[in-house]
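Before any comments, here is the structure.
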Amino acid sequence: MNEGAIKTLEFPKILEMLKEQASSELGQERCLSLSPHLTPEEITDAQTETADALNRLLKNSSVSFYATSDIYASLQRLDKGSSINTSDLLQIARLLENTARVKSFGRRDSSDTAGEDALDTYFFLLEPLNPLCTDIRRCILSEEEISDDASSALRSIRRHMKQTSDKIHTQLTQMVNQTYRNYLQDAVITMRDGRYCIPVKSEYKNNVPGMIHDQSSSASTFFIEPAAVVNLNNDLRELELQEAQEIERIIAELSANCAEHLFEIRQNLETIAELDFIFAKGKLALSMNATRPLYNTEGRVLFRKARHPLLPKDTVVPIDLSLGDTFDLLIITGPNTGGKTVALKTLGLLALMGQAGLHIPALDRSELSVFSDIFADIGDEQSIEQSLSTFSSHMKRIVTILDQADTDSLCLFDELGAGTDPTEGAALAIAILNTLHKRHIRTVATTHYSELKIYAIREPMVMNASCEFDVETLQPTYRLLIGVPGKSNAFAISRKLGLNESVIEDAAARLNKKDEDFEDVLSQLDENRLLLEQEKETVAAYRAEAEELKTSLEAKQSKWDRMRERTLQEAKDEARDILQEAKKIADEAIRYYQKHGGGEDIREMEALRKKLREKLDETRPVIKQKTPGQSSDLKPSDFHLGDDIRILSMNLSGTVSSIPDAKGNLFVQCGIMRMQTNINDVELVKEDKENGKKARSYGGSLSKAASISSELSLIGLTVDEALAKLDKYLDDAYMSRLAKVRIVHGKGTGALRSAVHSHLKKISYVKSYQLAEYGEGDAGVTIVEFK
């Protein structure tokens, strides 16, 4: 890949950002050495690793690789059979501990349903070597201290050293405090050349037998090792030598153990560094809100809301850019500081990042092609030493690009043809671009020349583009508009800044007719584009609002449908429960009556009948509910008295006991219950002519109607006896479908008549009651009409 383009497009700054995401020294070195890949397979593998690292970071917290140091020099010494020091051994222990921690991070939970990813192989290669790590930590407490537990011999030596040292201190303490107290400069025990001594005044040095090891700078004090402790100091010195030898043996043994696992340690080191590098790519993608680009080999580029990664996320304006599909040469025009160069660098830098295995800051489904090389002529690299002008330095790079670029290359030019005569520069720019275009090389160039705009309009597979500029605010919007040639807006900007109108008119008059007409066409195109964009935004807003309303209405309708179904189902269940309980009470009443006849207490029978009536009354408002989704095409004329029907909402069978009224309401006799329903909630049960049976019917009979008289006499009975008999009679008459009956209670004192009327008021299935007409019983008879 062209090093000049990598530097020009500021790819090294991306690597510095990547380095900040790595935590180990080796991982940071790996980040800085990253370069773009050239084959689709390498790019795919690198992008997959980045994507898998990002997925793991999103699912779990990050893992640190900070404890991984560069220990290759130590490993080389081990490979040669040499021992390493305690510092190197501790670094190996830290590496193994970090290896165990990273391997644990890479271990998947049993609940993780995701399949294997590209990082599983790296985690599998890690070998924590826990026994070796434990041995190092057990033996070495720090770089300067070896543990007593390193070996039994070391523990024994140190125990003897302590005992010898205690003996020396005991004897010297006695000398300091008693024997030589008056001869000492200070009552302290000191050490010289590794041997215990006492500070004796110079005038008493001959009074203290022993060996002189040192004296003070003033010669007033001599440091003497008393003869009584010479042998003990000798013993202590020998023990110290034994200790050093044992420590050297322990370190050599640990080094040998490390050498046995040299392959695993080196593999852990390399794998940890690689994982640190891969997770640094994932962290960078996370910080940039970047996505994985889709790759092709057709030279096609498609950016969706791409951002330059080196510009602040809160200020950079995303751009949409395409190349290599319907055109392979894009010419971007527009005023200075409008964002042309940023768009150019965004394309080149994101192409480098993608081929290096980094995610790009753009929306998903953005596309990139695999480029064999990327060339960029951006910026002014004027060379005084080589006597090169701006134009010459540009032309030198252009010559190199024309020589080295092929069909798999991407070429980027900023202000092509600038720095020389505009006419010649424009002609030269067209010739350069035309050469690349004929060779089918993907090219993007920025320019101010109108000739290049015309060239893009006339030439196939060449497209104009521009960076939008707001003339009113004199500020660029940094939006890249594909298919729209840009304007310099020199006259509009000058007028806005206060340049005299006569000067502007004079300048306009000096334009030739073609240039003026061309600028007018561009202005009209720009106005039409803005108008279309506004209309498009309005239509999109209306569409979004309509979609939102549609979604809201569908949600509400679904909610109401669920509530309706739930309510109807609850009503159906409640009605079924009530009917079952009413049937149970009725069956108990019938069995009770059949067993005891009329000889039992009338009040008990009255209580049972009253309980049954209450249950039937509770059922009436519930059983009128209709099961969702059911409908009926029956008409009132289709029903006749005695027809067999089935109530859909209750799943009960019965017979028609009244003709439907104008609203379709009718009474149905279901066993001992007579209930009101609607023709929309029933279906007729047709008779099976072949078998002579009804397809759906209720097993009861109506023969009881023939045995029920239409008149009941209560004369001679007490009020309690009369009401019990009346209640039983009314139930039988109602179930026998009699329209009206006569109750004979006599005139007398009127007490029985009042009790009968009060009782009739409480019965729900009684439609009305009144005294008989004159000649039909008058005040001694009450006519009762059922519902």
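The values are calculated or read from the model by the stated rules, or taken from the named source; none is laboratory data. Note that the structure is predicted; figures quoted are calculated from it, not measured. Positions of Cβ are backbone-derived with ideal geometry, glycine not excepted, and every protein chain shown enters the neighbour counts. Protein only, heavy atoms only, side chains kept; ligands, DNA and RNA dropped before computing areas. Shrake-Rupley method; radii C 1.70, N 1.55, O 1.52, S 1.80 Å.
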Original post:
Out of all the residues in segment 9-23, which are open to solvent by 50 Å² or more (accessible area, probe 1.4 Å) and without any contact (Cβ under 8 Å) to a residue 40 or more places away in the chain?
Top reply: PRO12, GLU16, GLU20
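Can you work out which of the residues in segment 49-76 that are out of contact with any helix residue (DSSP H, G or I) (no Cβ under 6 Å at 6 or more places or on another chain) and surrounded by 17 or more Cβ atoms within 10 Å (Cβ to Cβ) is modelled with the lowest pLDDT?
First pass over segment 49-76, keeping only residues out of contact with any helix residue (DSSP H, G or I) (no Cβ under 6 Å at 6 or more places or on another chain): 51-52, 55-56, 58-62, 64, 66, 72-73, 76.
Going one step further and asking which of them are surrounded by 17 or more Cβ atoms within 10 Å (Cβ to Cβ), we end up with 51-52, 56.
Numbers: ALA51: 94, ASP52: 93, ARG56: 89.
The selected residue is ARG56.
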**OP:** Pick out, from segment 127-246, the strands (runs of 3 or more DSSP E) lying fully within it that include 2 or more residues that are under 30 Å from PHE105 (Cα atoms).
**Re:** 140-142
**OP:** Only residues that are within 24 Å of LEU368 (Cα to Cα), aliphatic (A, V, I, L, M) and open to solvent by 10 Å² or more (accessible area, probe 1.4 Å): list them for segment 406-453, please.
**Re:** none
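From the list ASP314, ASP325, exactly one residue is touching a residue at least 24 places away in the same chain (Cβ under 8 Å), in a loop (DSSP other than H, G, I, E, B) and among the charged types (D, E, K, R). Which is it? Don't jump to the end; show me each part of the working.
On the way: ASP314 fails: touching a residue at least 24 places away in the same chain (Cβ under 8 Å).
Just a single option satisfies the conditions, and that option is ASP325.
Does LEU38 satisfy the condition of being of a type in the set (A, V, I, L, M, F, W, C) and more than 20 Å from LEU349 (Cβ to Cβ)? Quick ask: steps written out before the conclusion?
Details: of a type in the set (A, V, I, L, M, F, W, C): yes; more than 20 Å from LEU349 (Cβ to Cβ): no.
So LEU38 fails the test.
Test of understanding: among LYS162, LYS167, which residue is within 12 Å of ASN233 (Cβ to Cβ) and either at pLDDT below 85 or surrounded by fewer than 15 Cβ atoms within 10 Å (Cβ to Cβ) (or both)? So that I can check it myself, show each step before the final result.
Details: LYS162 fails: within 12 Å of ASN233 (Cβ to Cβ).
Residue meeting the stated conditions: LYS167.
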Original post:
Between a first residue in segment 565-579 that is in contact (Cβ under 8 Å) with a residue 12 or more places away in the chain and a second residue that is open to solvent by 50 Å² or more (accessible area, probe 1.4 Å), which pairs have beta carbons less than 6 Å apart while being 6 or more apart in sequence or on different chains?
Top reply: LEU568/GLN625; ALA571/GLN625; ILE578/GLU618
Subject >> Pairs, first touching a residue at least 12 places away in the same chain (Cβ under 8 Å) and within 21 Å of LYS340 (Cβ to Cβ) in segment 416-440, second assigned to a helix (DSSP H, G or I) and of a type in the set (D, E, K, R), C-beta under 6 Å, six or more apart >> reply: ALA426/GLU451
Original post:
Is it the case that some residue within segment 346-361 is outside any strand (DSSP E or B) and open to solvent by 20 Å² or more (accessible area, probe 1.4 Å)?
Top reply: no
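Examine segment 759-777 for a residue that is basic (Lys, Arg) and either under 60 Å from the mean Cα position of the chain (by Cα) or surrounded by 14 or more Cβ atoms within 10 Å (Cβ to Cβ) (or both), and state whether such a residue exists. Explain how you work it out, then say what you get.
In the first step, residues of segment 759-777 are kept if they are basic (Lys, Arg); the result is 761-762, 767.
Add one more test, that the residue is either under 60 Å from the mean Cα position of the chain (by Cα) or surrounded by 14 or more Cβ atoms within 10 Å (Cβ to Cβ) (or both), and what stays is none.
Looking through segment 759-777, none of the residues is basic (Lys, Arg) and either under 60 Å from the mean Cα position of the chain (by Cα) or surrounded by 14 or more Cβ atoms within 10 Å (Cβ to Cβ) (or both).
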Subject >> Count of segment 236-251 residues which are surrounded by 18 or more Cβ atoms within 10 Å (Cβ to Cβ) and under 17 Å from ILE84 (Cβ atoms) >> reply: 3
Original post:
Residues in segment 627-644: is at least one open to solvent by 30 Å² or more (accessible area, probe 1.4 Å), under 30 Å from ASP561 (Cα atoms), in contact with a helix residue (DSSP H, G or I) (Cβ under 6 Å, 6 or more places away or on another chain) and at pLDDT 75 or above?
Top reply: yes
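State whether one or more residues within segment 656-668 are closer than 21 Å to LYS584 by Cα, open to solvent by less than 20 Å² (accessible area, probe 1.4 Å) and modelled with pLDDT of 85 or more.
First pass over segment 656-668, keeping only residues closer than 21 Å to LYS584 by Cα: 668.
Now restrict to residues that are open to solvent by less than 20 Å² (accessible area, probe 1.4 Å): 668.
Of the ones still in play, those that are also modelled with pLDDT of 85 or more are 668.
Checked segment 656-668: at least one residue is closer than 21 Å to LYS584 by Cα, open to solvent by less than 20 Å² (accessible area, probe 1.4 Å) and modelled with pLDDT of 85 or more.
What residue, of GLY194, GLY115, is modelled with pLDDT under 90, of a type outside the set (Phe, Trp, Tyr) and within 60 Å of the chain's Cα centre (by Cα)? Walk me through it before giving the result.
Working: GLY194 fails: within 60 Å of the chain's Cα centre (by Cα).
Within the list GLY194, GLY115, the selection yields GLY115.
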**OP:** For residues that are touching a residue at least 12 places away in the same chain (Cβ under 8 Å), assigned to a helix (DSSP H, G or I) and under 23 Å from LEU402 (Cβ atoms), scanning just segment 455-482, find the one that is most open to solvent (accessible area, probe 1.4 Å).
**Re:** TYR455
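Among what's in segment 426-454 and is part of a strand (DSSP E or B) and touching a helix residue (DSSP H, G or I) at 6+ places or on another chain (Cβ under 7 Å), pick the residue that is modelled with the lowest pLDDT. Working first, answer last.
Filtering segment 426-454 down to residues part of a strand (DSSP E or B) leaves 442-447.
Applying the additional criterion that residues be touching a helix residue (DSSP H, G or I) at 6+ places or on another chain (Cβ under 7 Å) yields 443-447.
Details: THR443: 95, VAL444: 95, ALA445: 94, THR446: 91, THR447: 88.
In this case the residue turns out to be THR447.
Would you point out which residue out of ALA227, ALA290, ALA259, ALA273 is more than 59 Å from the chain's Cα centre (by Cα) and of a type in the set (Gly, Ala, Ser)?
Values: ALA290 fails: more than 59 Å from the chain's Cα centre (by Cα); ALA259 fails: more than 59 Å from the chain's Cα centre (by Cα); ALA273 fails: more than 59 Å from the chain's Cα centre (by Cα).
Step by step, each of ALA227, ALA290, ALA259, ALA273 is checked, and only ALA227 is more than 59 Å from the chain's Cα centre (by Cα) and of a type in the set (Gly, Ala, Ser).
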**OP:** Answer with yes or no whether ILE332 is of a type in the set (Val, Ile, Thr) and under 26 Å from SER466 (Cα atoms).
**Re:** yes
Original post:
Before we move on, is LEU344 touching a residue at least 60 places away in the same chain (Cβ under 8 Å), closer than 28 Å to ARG439 by Cα and out of contact with any strand residue (DSSP E or B) (no Cβ under 8 Å at 6 or more places or on another chain)?
Top reply: no
Original post:
Which members of segment 265-289 meet the condition of being open to solvent by 50 Å² or more (accessible area, probe 1.4 Å) and either farther than 30 Å from ARG307 by Cβ or without any contact (Cβ under 8 Å) to a residue 12 or more places away in the chain (or both)?
Top reply: ARG266, GLU270
**OP:** Evaluate the following for ALA46: is it surrounded by 20 or more Cβ atoms within 10 Å (Cβ to Cβ), at pLDDT 90 or above, in contact with a Phe, Trp or Tyr (Cβ under 7 Å, 6 or more places away or on another chain) and in a helix (DSSP H, G or I)?
**Re:** no
**OP:** Please work out which residue is nearest to LEU9 (Cα to Cα), limiting yourself to segment 413-449 and to residues that are of a type in the set (A, V, I, L, M, F, W, C) and touching a Phe, Trp or Tyr at 6+ places or on another chain (Cβ under 7 Å).
**Re:** ALA445
**OP:** Of all residues in segment 362-395, count the ones that are assigned to a helix (DSSP H, G or I), touching a strand residue (DSSP E or B) at 6+ places or on another chain (Cβ under 7 Å) and either at pLDDT 95 or above or open to solvent by 10 Å² or more (accessible area, probe 1.4 Å) (or both).
**Re:** 1
Original post:
Can you name every residue in segment 320-334 that is crowded, with 22+ Cβ neighbours inside 10 Å and farther than 17 Å from GLY299 by Cβ?
Top reply: ILE331, ILE332, THR333, GLY334
**OP:** Being buried (at least 18 other Cβ atoms within 10 Å of the Cβ) and assigned to a helix (DSSP H, G or I) is the filter here, so list the residues in segment 733-758 that pass it.
**Re:** ALA733, TYR734, MET735, LEU752, ARG753, ALA755, VAL756
**OP:** List every residue pair whose Cβ atoms sit under 9 Å apart, with the two residues 6 or more apart in sequence or on different chains, where the first one lies in segment 365-377 and is touching a residue at least 40 places away in the same chain (Cβ under 8 Å) and the second, anywhere, is among the hydroxyl-bearing types (Ser, Thr, Tyr) and open to solvent by less than 20 Å² (accessible area, probe 1.4 Å).
**Re:** PHE371/SER409; SER372/SER409; ASP373/SER409; ILE374/SER409; PHE375/SER409
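Only one of SER87, SER33 is polar (S, T, N, Q), open to solvent by less than 50 Å² (accessible area, probe 1.4 Å) and out of contact with any strand residue (DSSP E or B) (no Cβ under 7 Å at 6 or more places or on another chain). Can you tell me which?
Values: SER33 fails: open to solvent by less than 50 Å² (accessible area, probe 1.4 Å).
Step by step, each of SER87, SER33 is checked, and only SER87 is polar (S, T, N, Q), open to solvent by less than 50 Å² (accessible area, probe 1.4 Å) and out of contact with any strand residue (DSSP E or B) (no Cβ under 7 Å at 6 or more places or on another chain).
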